[in-house]
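See below for the structure under consideration.
The values are calculated or read from the model by the stated rules, or taken from the named source; none is laboratory data. Given the structure is predicted, the values throughout are model-derived calculations rather than measurements. Every residue, glycine as well, gets a Cβ built from its backbone with ideal geometry; the counts of neighbours run over all protein chains shown.
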Amino acid sequence: MSDDRKRFLAILKEKSYEKRKVTLSSGRESDFYIDCKQSTLDAEGALLTGRLLFSMLAAGAPVEAVGGITLGADPIVTAVSMTSALQDRPIPAFIIRKEPKKHGTAQWIEGVKNLRPGMKVAIVEDVVTTGASTIKAIDRAIESGLDVVRVITLVDRNEGGADTLADKGYKLEALFLKEDVENA
């Protein structure tokens, strides 16, 4: 494991992992919670998020933009986009709303002026549980004319999300599994 991965895993364990009863966005109950925003909004965590995910993107099928559903994906796509610019390989970011804008353009996606129909994009998530919100993000991106070629998450909770995505034809690429965070 690279030094960046080790350090980001330590930050996730320290700032994002809590052993307590919670109800997840999927409606499921869990005895632990991983709030990645606590890590991706940390200065060092943001830096590492950008480096690690940019490296993942650079190592696989090429993408021309990176996006995801607000709010968990917002700091992730920003970090990746900034890192890509620093590497002279700029990848624009976009953010998918949970519901369309109520005024003005009534759009679902922010950052559309940096996108074009048919662009190959990656959808990113902070945590994947069932995959339901990831599927919504993919659907919105496709409805907007984008070609989703990668799906990446910081943490896969191993609760069926990867299978749900596979059933739809997408391979979930996880930086970490829940066990990695729990055992860090």
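Data table
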item	result
Unmet criterion (only one of (1) in contact with a Lys or Arg (Cβ under 7 Å, 6 or more places away or on another chain); (2) closer than 23 Å to ILE142 by Cα) for THR78	(1)
Given (1) under 26 Å from SER16 (Cβ atoms); (2) exposed (fewer than 14 other Cβ atoms within 10 Å of the Cβ); (3) not aliphatic (A, V, I, L, M), index of the condition GLU110 fails	(2)
Any hit, region 2-12, residues being touching a Lys or Arg at 6+ places or on another chain (Cβ under 6 Å) and modelled with pLDDT of 95 or more	yes
Conditions (1) within 17 Å of the chain's Cα centre (by Cα); (2) closer than 12 Å to ALA141 by Cα; (3) surrounded by fewer than 23 Cβ atoms within 10 Å (Cβ to Cβ); number of the one not met by ASP42	(2)
Residue identified as under 26 Å from LEU146 (Cβ atoms) and either basic (Lys, Arg) or not in a loop (DSSP other than H, G, I, E, B) (or both) among GLY50, GLY72	GLY50
Members of region 1-47 found to be over 14 Å from ALA79 (Cα atoms) and among the aromatic types (Phe, Trp, Tyr), listed by number	TYR17, PHE32, TYR33
Flag if ALA162 is under 22 Å from LEU52 (Cα atoms), free of Cβ contacts under 8 Å to residues at least 40 places away in the same chain and not aromatic (Phe, Trp, Tyr)	yes
Qualifying residue in region 81-102 (condition: surrounded by 12 or more Cβ atoms within 10 Å (Cβ to Cβ) and closer than 20 Å to ASP156 by Cβ)	yes
Qualifying residues in region 45-83 (those that are polar (S, T, N, Q) and closer than 17 Å to ALA174 by Cα) - the one farthest from the chain's Cα centre (by Cα)	SER55
So THR40, is it in contact with a Pro (Cβ under 6 Å, 6 or more places away or on another chain) and either without any contact (Cβ under 8 Å) to a residue 40 or more places away in the chain or polar (S, T, N, Q) (or both)	yes
Any helices (runs of 4 or more DSSP H) falling wholly within region 120-184 and containing at least 1 residues that are surrounded by fewer than 22 Cβ atoms within 10 Å (Cβ to Cβ) and basic (Lys, Arg)	132-143, 178-182
Selection count where residues are among the polar types (S, T, N, Q) and in contact with a Phe, Trp or Tyr (Cβ under 8 Å, 6 or more places away or on another chain), scope region 1-43	1
